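Enquirer: Before I ask anything, here is the structure I am working with.
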Amino acid sequence: MKITAITAVPLSYRLPEGKTVTMGVGSTLKRDAIIVRVDTSEGITGYGEAHPGRSPGAVTSAIRNTLAPLLVGMKATDCVGAWQRVHRMQLSSHGLGAGAALALSGIDMALWDIRGKAANMPLYELLGGSKRRIPAYAGGIALGYQPKESLADEAAEYIARGYKALKLRIGDTAKADIERLRHVRKALGDDVDILADANTAYTMADARRVLPVLAEIQAGWLEEPFACNDFASYREAAKITPLVPIAAGENHYTRFEFAQLLEAGAVQVWQPDLSKCGGITEGLRIAAMASAWRIPINAHSSATGLNHAATLHFLAATENSGYFEACVSKFNPFRDMFGTTFEIGADGCVEPPDAPGIGLEVDESIFEKYPPVDGPGYVVKF
């Protein structure tokens, strides 16, 4: 079975006026996504998701015009071979480049979808896992900067649905972050796991002020306080308190950058995104490397149900898996565009789909509803 074609479809959805969510990376204007389709000589079609970064047009072009010519004609089930060819011809010889890693991630995910369909097995089973309950937290583009009272109200909505953990967006001012954190903890009580994500917006002074408060409220982690390559700051922040682990990984690409995290010794929770890190093939390598150091994998999830479903399969087959990030965004039509991907249970857990491959039926006619909109998806005021 050979790869006969690789296509990429960029999609966009503008948020309704006044319905933005503000967090450390800016205020949302629109949602972008890239669906990757891989066709084969035996008629099996695989679908994956490539993260658009801040430039969906550039990533789409990389898939169509650079990576597809490298891979068409290869054996469709040779995920490792396809990954290695792209690494040899693109990542290693012309620099890594985040765009190339994003593009490869979507293709790799689609190839695993093909493998599962060809074997008539759900992906978690193909990966050596089993159908099991996976703890989930309420995440996605939600719980952003807002008055502490309305933030607590929104958080309570998710707890009422069944979530026993949620992630607050911090990175505003240290004072405002502290007020929101303490208020939400008081409103929700001690039985909810509160996670915090600064979206790279913190200075070291911010971290020194907020980390003791995160320890006070027994937060599960502080996520991405600094830029992904600011290893010196991560090392310093890890010394402030042993009670709050530092988390990162959604903006690290391939196992080689995660190896740098390991060498820095400052990040205790890893968060690879299968639509960014190099796909499922590379996600498995990252998880295996982490397991040797007892580092948990709490995968980051992105826009569409494809990445959510693939992540559920991946976590179900990963020994050191932790939370699944469930997108609870109020304005993300991509999450359910192919049907409901996950349902939170009373136990605060979710399960992977049972159908072969990734387990979603992709209706391409839906794409017409979301024509691509060029430009950044966030606006930032400096």
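Enquirer: For the stretch 227-245, which residues satisfy the criterion of being surrounded by fewer than 23 Cβ atoms within 10 Å (Cβ to Cβ), of a type outside the set (D, E, K, R) and touching a residue at least 12 places away in the same chain (Cβ under 8 Å)? Spell out how you get there, then give the answer.
Expert: Just the residues of the stretch 227-245 that are surrounded by fewer than 23 Cβ atoms within 10 Å (Cβ to Cβ), to begin with: 227-236, 238-243, 245.
Now restrict to residues that are of a type outside the set (D, E, K, R): 227-229, 231-234, 238, 240-243, 245.
Scanning the stretch 227-245 gives Ala227, Cys228, Phe231, Ser233, Tyr234, Ala238, Ile240, Thr241, Leu243, Pro245.
Enquirer: Hey, another quick one. I'd like the full set of residues that are open to solvent by 30 Å² or more (accessible area, probe 1.4 Å), more than 16 Å from Ser302 (Cβ to Cβ) and not acidic (Asp, Glu), limited to the stretch 367-382. Quick ask: steps written out before the conclusion?
Expert: If we filter the stretch 367-382 for residues that are open to solvent by 30 Å² or more (accessible area, probe 1.4 Å), which is where we start, we get 368-369, 371-374, 376, 378-382.
Now narrow it down to the ones that are more than 16 Å from Ser302 (Cβ to Cβ): 368-369, 371-374, 376, 379-382.
Across the stretch 367-382, the qualifying residues are Lys369, Pro371, Pro372, Val373, Pro376, Val379, Val380, Lys381, Phe382.
Enquirer: Let me ask something additional. Anything in the stretch 2-55 that is at positive phi and open to solvent by 10 Å² or more (accessible area, probe 1.4 Å)? List them, or say none.
Expert: Of all residues in the stretch 2-55, those at positive phi come to 18, 26, 43, 53.
Scanning the stretch 2-55 gives Gly18, Gly43, Gly53.
Residue-by-condition table, conditions (1) crowded, with 19+ Cβ neighbours inside 10 Å; (2) farther than 30 Å from Thr22 by Cα:
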position	(1), (2)
Leu102	yes, no
Ser105	yes, no
Ile114	yes, yes
Gly129	yes, yes
Arg132	no, yes
Ala138	yes, no
Pro147	no, no
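Enquirer: Please state which of the following conditions Ile358 fails to meet, knowing it meets all the rest: (1) at pLDDT 95 or above; (2) surrounded by 15 or more Cβ atoms within 10 Å (Cβ to Cβ); (3) touching a strand residue (DSSP E or B) at 6+ places or on another chain (Cβ under 6 Å).
Expert: With respect to (1) at pLDDT 95 or above; (2) surrounded by 15 or more Cβ atoms within 10 Å (Cβ to Cβ); (3) touching a strand residue (DSSP E or B) at 6+ places or on another chain (Cβ under 6 Å), Ile358 is out only on (3).
Enquirer: Next question, about the same structure. I need the full set of residues from the stretch 350-382 which are within 22 Å of Ala309 (Cβ to Cβ), small (Gly, Ala, Ser) and in a loop (DSSP other than H, G, I, E, B), in order please.
Expert: So the first thing to find is which residues in the stretch 350-382 are within 22 Å of Ala309 (Cβ to Cβ), and the list is 350-367, 369-370.
From the residues that got through so far, the ones that are small (Gly, Ala, Ser) too are 355, 357, 359, 365.
Across the stretch 350-382, the qualifying residues are Ala355, Gly359.
Enquirer: Another question about this same structure. In the stretch 227-241, is there at least one residue being in contact with a Leu (Cβ under 8 Å, 6 or more places away or on another chain) and within 23 Å of Ala138 (Cα to Cα)?
Expert: No, the conditions are met nowhere in the stretch 227-241.
Matching residues to (1) of a type in the set (Gly, Ala, Ser); (2) touching a helix residue (DSSP H, G or I) at 6+ places or on another chain (Cβ under 6 Å); (3) on the phi > 0 side of the Ramachandran plot; (4) open to solvent by less than 10 Å² (accessible area, probe 1.4 Å):
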position: Ala259; (1), (2), (3), (4): yes, no, no, no
position: Leu262; (1), (2), (3), (4): no, no, no, no
position: Gln268; (1), (2), (3), (4): no, no, no, no
position: Gly278; (1), (2), (3), (4): yes, yes, yes, yes
position: Ser291; (1), (2), (3), (4): yes, no, no, no
position: Thr311; (1), (2), (3), (4): no, no, no, yes
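Enquirer: If I go through the stretch 161-208 residue by residue, how many of them are open to solvent by 40 Å² or more (accessible area, probe 1.4 Å), in contact (Cβ under 8 Å) with a residue 60 or more places away in the chain and farther than 20 Å from Ser233 by Cα?
Expert: Total satisfying the criteria: 2.
Enquirer: To continue, here is another question. Considering only the stretch 336-348, I want to know if a residue exists there that is surrounded by fewer than 24 Cβ atoms within 10 Å (Cβ to Cβ), under 17 Å from the mean Cα position of the chain (by Cα) and on the phi < 0 side of the Ramachandran plot.
Expert: Of all residues in the stretch 336-348, those surrounded by fewer than 24 Cβ atoms within 10 Å (Cβ to Cβ) come to 336-340, 342-348.
After this cut, where a residue has to be under 17 Å from the mean Cα position of the chain (by Cα) as well, the list is 336, 342.
Keeping just the survivors that are on the phi < 0 side of the Ramachandran plot gives 336, 342.
Scanning the stretch 336-348 turns up at least one residue that is surrounded by fewer than 24 Cβ atoms within 10 Å (Cβ to Cβ), under 17 Å from the mean Cα position of the chain (by Cα) and on the phi < 0 side of the Ramachandran plot.
Enquirer: Let me ask you something else. If you take the residues in the stretch 212-226 that are part of a helix (DSSP H, G or I) and farther than 21 Å from Tyr323 by Cα, which one is least open to solvent (accessible area, probe 1.4 Å)? Spell out how you get there, then give the answer.
Expert: First, pick out the residues of the stretch 212-226 that are part of a helix (DSSP H, G or I): 212-216.
Checking the rest, the ones that are also farther than 21 Å from Tyr323 by Cα come to 212-213, 216.
On the way: Pro212: 64, Val213: 10, Glu216: 106 Å².
Across the stretch 212-226, the extreme among qualifying residues is Val213.
Enquirer: For the stretch 136-162, which positions are assigned to a loop (DSSP other than H, G, I, E, B) and either more than 15 Å from Ala187 (Cα to Cα) or small (Gly, Ala, Ser) (or both)? It would help to see each step written out before you state the result.
Expert: Keep residues of the stretch 136-162 that are assigned to a loop (DSSP other than H, G, I, E, B), which gives 140-147, 162.
Of everything in the stretch 136-162, those that are assigned to a loop (DSSP other than H, G, I, E, B) and either more than 15 Å from Ala187 (Cα to Cα) or small (Gly, Ala, Ser) (or both) turn out to be Gly140, Ile141, Ala142, Gly144, Tyr145, Gln146, Gly162.
Enquirer: Right, another one. Within the stretch 357-381, which residues are closer than 15 Å to Leu123 by Cβ and either more than 22 Å from the chain's Cα centre (by Cα) or among the acidic types (Asp, Glu) (or both)?
Expert: Correct list: Glu361 only.
The values are calculated or read from the model by the stated rules, or taken from the named source; none is laboratory data. From a predicted model like this one, the values you see are computed outputs, not experimental measurements. Glycine gets a Cβ as well: all are built from the backbone with ideal geometry, and neighbour counts include every protein chain shown. SASA here: full protein model, heavy atoms, side chains in, ligands and nucleic acids out. Shrake-Rupley method; radii C 1.70, N 1.55, O 1.52, S 1.80 Å.
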